[in-house]
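Quick one: this structure, given as structure tokens, is what I'll be asking you about.
The values are calculated or read from the model by the stated rules, or taken from the named source; none is laboratory data. On a predicted model such as this, the values are computed, not experimentally measured, just so you know. When we count neighbours, we look across all protein chains shown, and the Cβ atoms used for this are built from the backbone with ideal geometry, even at glycine. Keep in mind that these areas ignore ligands, DNA and RNA; they rest on the heavy atoms of the full protein, side chains included. Shrake-Rupley method; radii C 1.70, N 1.55, O 1.52, S 1.80 Å.
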Amino acid sequence: MRSPRTILGVLATGLLAAGTFVALSPSAEAATTLGAAAAEKGRYFGTAVSLNRLSDSTYSTILNREFNSVTAENEMKIDALEPQQNQFNFTTADRLITRANEIGAKVRGHTLAWHSQQPGWMQSMSGTALRNAMKNHITQVMTHYKGKIDSWDVVNEAFDDGNGGRRDSNLQRTGNDWIEDAFKTARAADPAAKLCYNDYNTDNWSWAKTQGVYNMVKDFKARGVPIDCVGFQSHFNSGSPYPGNYRTTLQNFADLGVDVQITELDIEGSGTTQATTYGNVVKDCLAVTRCNGITVWGIRDTDSWRASGTPLLFDGSGNPKAAYNAVLSAFGGSTSSPSPSNPGSPSPSNPGSPSPSNPGSPSPSQPSGTKSCTATVAVNAWNGGFVATVTVKAGTAALTGWTVGATLPTGAAVSNTWSATASGTSGAVSFTNVGYNGTVAANASTSFGFQGTGNAPSTTTTCTAR
């Protein structure tokens, strides 16, 4: 089964308040959204976004509220970005970058080299001309988005479903070294971006295709070919069910020295069975230290490329399903589910605005006084990097905005931020709310997170209320 559209471990805890880091207390409020809950575990939870659906208020409300990573469903594929040779159109895809910045989400780039969804001019090419065109496309696109993309699916679906060998394609016919050539070109174009190989039907460790990809990655690592991550599309249904050795697959790839990412998850079905499988996938990712996060391929069932299988976390009306609660619970979040009509979530008609019935918004019955805030953080650190999940709590007066400041140790740098806008990447840095989490009721809280390289911050920090 394949999609026609393709479709952090030493644990440290700390307190980001009053100038020191100390452990979060067990009574700290559990996260209530997918992205925030994943971030507390040092992961991201993302979704594929179709830009033409952003005008749908229910779709946009869920996107803004739930996810801290986004992938363009089709708008960053080859035919969309280079419709005519060496004539690039970034306008639509740039909207995704803008939206991601607005909601504090990272971006996965999808995809640079693929046998499918090639523009007509590329389909008619072969040999050296095609190889050079592929390298030029990678260079131009990655240069345009340099510093804006967390991970790129450099090569997509290059293996055959049968015996574990390479797929016969015009790119494969340019020479068996075309995949490593793509990765080398990508590294030169943006050395900071994670470079991923992405494929489907590679979830079961015993399958020949899984072994084929594994052997390629093992070879690349042995020879120094630049590859940072492997993406597992994980489209599960009755014909290609969730395998009992899925965690083994993720761990074995991670043991090669690459990150693993679940890039296009959808699980056909409904009710308890679907919910259990979604929960198991999250638990598998959490059990593998180098599993960065999970992306579901769409938001509502009706947005899915296989809508009839109702494979996503929200139904067509935007209501969270049992699978949503299973995912949130697996991440350790609170499962009091939001919905378009739930006063605990933003109103679809105006996702950024407070409402009188919303307990996360100020109301006349709430106390007034001098605005203040504190910021606490849980840090997941490892040799050479860290993820910090920060909880901003209002004092006895409601907030209409906040800024958290921190000083990073020498050599440390912020590499990614979600649910906040960062100012600066090293030394003294600050994080300001994005549109949907600036309004915080008296004594209530919200959260954001950031990832960095080097040592985790341990110096004086501040929270400024507005």
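For segment 190-307, give me every one of the helices (runs of 4 or more DSSP H) that falls completely inside it and has 2 or more residues that are open to solvent by less than 10 Å² (accessible area, probe 1.4 Å), under 28 Å from Ala37 (Cβ atoms) and modelled with pLDDT of 95 or more.
On the way: elements: 208-223, 246-254, 271-287.
Once the helices (runs of 4 or more DSSP H) in segment 190-307 are filtered for at least 2 residues that are open to solvent by less than 10 Å² (accessible area, probe 1.4 Å), under 28 Å from Ala37 (Cβ atoms) and modelled with pLDDT of 95 or more, what remains is 246-254, 271-287.
Restricting the search to segment 356-408, which residues are outside any loop (DSSP other than H, G, I, E, B), modelled with pLDDT of 85 or more, touching a Gly at 6+ places or on another chain (Cβ under 8 Å) and surrounded by fewer than 23 Cβ atoms within 10 Å (Cβ to Cβ)?
Thr374, Thr407
Next up: Would you call Asp315 acidic (Asp, Glu) and within 24 Å of His110 (Cβ to Cβ)? Break it down into steps so the answer makes sense when it comes.
On the way: acidic (Asp, Glu): yes; within 24 Å of His110 (Cβ to Cβ): no.
No.
What is the one condition in (1) out of contact with any His (no Cβ under 6 Å at 6 or more places or on another chain); (2) within 16 Å of Glu180 (Cα to Cα) that Asp153 does not satisfy?
Only one criterion in (1) out of contact with any His (no Cβ under 6 Å at 6 or more places or on another chain); (2) within 16 Å of Glu180 (Cα to Cα) is unmet by Asp153, namely (1).
Looking at segment 102-110, can you tell me whether even one residue there is farther than 30 Å from Gly438 by Cα and under 26 Å from the mean Cα position of the chain (by Cα)? Lay out the reasoning, then the answer.
The initial filter retains those residues of segment 102-110 that are farther than 30 Å from Gly438 by Cα, namely 110.
With the extra rule that they be under 26 Å from the mean Cα position of the chain (by Cα), the set shrinks to 110.
Looking for residues that are farther than 30 Å from Gly438 by Cα and under 26 Å from the mean Cα position of the chain (by Cα), one finds at least one in segment 102-110, hence yes.
Further, regarding this structure: Determine which single condition Asn319 fails, assuming it passes every other condition in (1) touching a strand residue (DSSP E or B) at 6+ places or on another chain (Cβ under 7 Å); (2) open to solvent by 10 Å² or more (accessible area, probe 1.4 Å).
Asn319 satisfies every listed condition except (1).
In contact with a Pro (Cβ under 8 Å, 6 or more places away or on another chain) and either closer than 28 Å to Thr92 by Cβ or of a type in the set (A, V, I, L, M) (or both) - does that describe any residue in segment 195-210?
Yes; the residues of segment 195-210 include at least one that is in contact with a Pro (Cβ under 8 Å, 6 or more places away or on another chain) and either closer than 28 Å to Thr92 by Cβ or of a type in the set (A, V, I, L, M) (or both).
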